[in-house]
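The values are calculated or read from the model by the stated rules, or taken from the named source; none is laboratory data. Just so it is clear, the structure is predicted and the values come from calculations on it, not from any experiment. Here the Cβ positions follow ideal geometry from the backbone for every residue, glycine too, while neighbour counts run over all protein chains shown.
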Amino acid sequence: MKIQYAIFFGIFFMVYAAINIYIGSRSWQAFGRFFPPGSGIIYWAAFTLLALSFIAGRFAENYLPGTLGGLLTVIGSYWLAAMNYLFVTLVLIDIIGLLHRGLNFIPAPVMQHPELTGLAVVLLVTGIIIFGAWNARHPRLVHYDITIPKSAGSLNELHLVVVSDIHLGKTIHNGRLLPLVQQINNLNPDLILLPGDTVEESVSTFVEQNMSDSLRMLKAKYGTFAVFGNHEYIGGQPDDIHRHLQEAGITILRDEYREIAGSFQLVGRDYQHGERFGGAGRQELSQVMAGLDRSLPVIMLDHQPTNLKEGQEQGVDLQISGHTHLGQLFPLNIFTGLLFETDWGYLRKGDFQLIVSCGYGTWGPPIRVGNVPEIVDIDIHFTGPAGQDADAVEPVMLTMGRLW
């Protein structure tokens with residue numbers, strides 16, 4: 001496993017370095033003439049510091065004096081987003097340049113003044129970053145209306161609010177958590193579900209800002225339940241995170257299920273690769289659901305929308321997932337679309353239904369482009385086995401409006 005990680009990170013850093021060298025070189029070609037003679041070394045030193053700022057900040061936050069580590073992380077976070085769009089834009093410009101060699105369609109003044117093209121690229125990317133930062137802080141409410149053709153005791157309907165991938169930490173801090181809690185409570189849910197990556201790796205900021213007190217304000221008839229995602233494990237503090245979330249009144253399900261009000265079953269999967277970060281490794285779903293009464297509706301939380309066949313085979317009626325962020329930064333959604341059968345929205349396979357949220361928070365850059373952060377509001381109607389033809393059941397997305 002260590003060799004696999006070494007290979008992965010080795011390839012990652014080589015690709016990361018190559019992209020940054022490409023951006024740095026093309027930037028120097030555009031603007032280098034405006035620098036004093038002999039300043040190339042200073043330029044590349046500053047550029048290298050910028051390129052490494054996120055990595056340096058994340059590794060050194062606990063060791064650098066004052067807020068220097070946090071400052072490097074913030075600068076590096078924005079650079080990750082800028083790097084993405086600089087790379088895409090510069091590649092497109094180079095492709096156009098290659099076409100120009102054969103077709104000769106670019107005006108001569110543009111070719112003679114690369115700094116104009118460079119300035120246009122900088123302004124474009126800056127605009128994208130500003131919009132993405134605004135977009136990331138203005139979530140929308142997405143509403144689904146679905147039917148499960150099972151009896152749920154005395155319940156005819158169940159109102160869920162789902163918030164995935166909050167990433168509570170330095171970026172999604174307590175000042176942003178409090179409005180989220182208020183918005184959830186305003187929806188008056190019967191049940192609140194958090195499908196993983198609630199906490200961003202380290203629990204230190206969570207504790208320092210008393211986020212437990214904020215989460216304790218959540219109100220739902222049947223309570224608040226959560227599962228772990230990859231970020232609860234990556235920081236190496238899953239047990240501490242578990243304890244603090246439990247103290248905040250949130251029930252954590254790690255390969256467990258609960259029968260709620262004698263009306264429905266709630267299953268929570270542990271993160272599927274937790275053993276890579278010191279976890280015990282999760283059980284097969286058949287083991288988790290052993291003894292569960294499948295005659296009642298079965299709702300399952302699983303951070304990643306993978307292994308869907310397992311849920312189908314075990315009689316899960318509705319799976320709720322997150323993790324994908326829908327790529328977070330366009331065009332990375334191309335890759336999430338290839339990795340997951342459904343990387344956002346609704347999927348139905350027979351009696352099995354899936355809802356995937358693109359999440360509320362962000363990882364790395366506090367920026368979203370090509371998607372909108374969301375709170376998911378779900379109304380489930382229980383019709384009983386004879387109440388409705390399952391083939392006629394369709395979801396209705398009623399609302400996709402901005403919250404603030």
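The table that follows gives values for the structure above.
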{"read-out": "Exclusive hit being in contact with a helix residue (DSSP H, G or I) (Cβ under 9 Å, 6 or more places away or on another chain), on the phi > 0 side of the Ramachandran plot, in contact (Cβ under 8 Å) with a residue 40 or more places away in the chain and in the same structural domain as N188 (by TED's automatic domain parsing), set G262, G278", "value": "G278"}
{"read-out": "Hey, G229 in the same structural domain as Q312 (by TED's automatic domain parsing) and surrounded by fewer than 20 Cβ atoms within 10 Å (Cβ to Cβ) or not", "value": "no"}
{"read-out": "Among (1) out of contact with any Ser or Thr (no Cβ under 9 Å at 6 or more places or on another chain); (2) among the hydroxyl-bearing types (S, T, Y); (3) buried (at least 18 other Cβ atoms within 10 Å of the Cβ) - the single one S204 does not satisfy", "value": "(3)"}
{"read-out": "Residue among G196, G235 that is in contact with a Ser or Thr (Cβ under 7 Å, 6 or more places away or on another chain), closer than 19 Å to G364 by Cα and crowded, with 22+ Cβ neighbours inside 10 Å", "value": "G196"}
{"read-out": "Flag for L180 being surrounded by 14 or more Cβ atoms within 10 Å (Cβ to Cβ), assigned by TED's automatic domain parsing to the domain that holds V316 and at pLDDT 95 or above", "value": "yes"}
{"read-out": "Residues being surrounded by fewer than 16 Cβ atoms within 10 Å (Cβ to Cβ) and not in a helix (DSSP H, G or I) - total across the range 316-341", "value": "2"}
{"read-out": "Residue check for I166: under 24 Å from L141 (Cα atoms) and in contact (Cβ under 8 Å) with a residue 12 or more places away in the chain", "value": "yes"}
{"read-out": "Residue among S154, S202 that is modelled with pLDDT under 95, under 30 Å from L296 (Cβ atoms), out of contact with any Lys or Arg (no Cβ under 8 Å at 6 or more places or on another chain) and small (G, A, S)", "value": "S154"}
{"read-out": "Any hit, the range 351-372, residues being assigned by TED's automatic domain parsing to the domain that holds D255, in contact with a Cys (Cβ under 9 Å, 6 or more places away or on another chain) and either surrounded by fewer than 17 Cβ atoms within 10 Å (Cβ to Cβ) or within 22 Å of Y144 (Cα to Cα) (or both)", "value": "yes"}
{"read-out": "Selection status of D165, in contact with a Lys or Arg (Cβ under 7 Å, 6 or more places away or on another chain) and buried (at least 16 other Cβ atoms within 10 Å of the Cβ)", "value": "no"}
{"read-out": "Output for the range 300-339, where each listed residue is hydrophobic (A, V, I, L, M, F, W, C) and either within 16 Å of S164 (Cβ to Cβ) or in contact (Cβ under 8 Å) with a residue 60 or more places away in the chain (or both)", "value": "M300, L301, L318, I320, L326, L329, L332"}
{"read-out": "Matching residues, the range 169-193, being under 20 Å from I234 (Cβ atoms) and touching a residue at least 60 places away in the same chain (Cβ under 8 Å)", "value": "K170, T171, I172"}
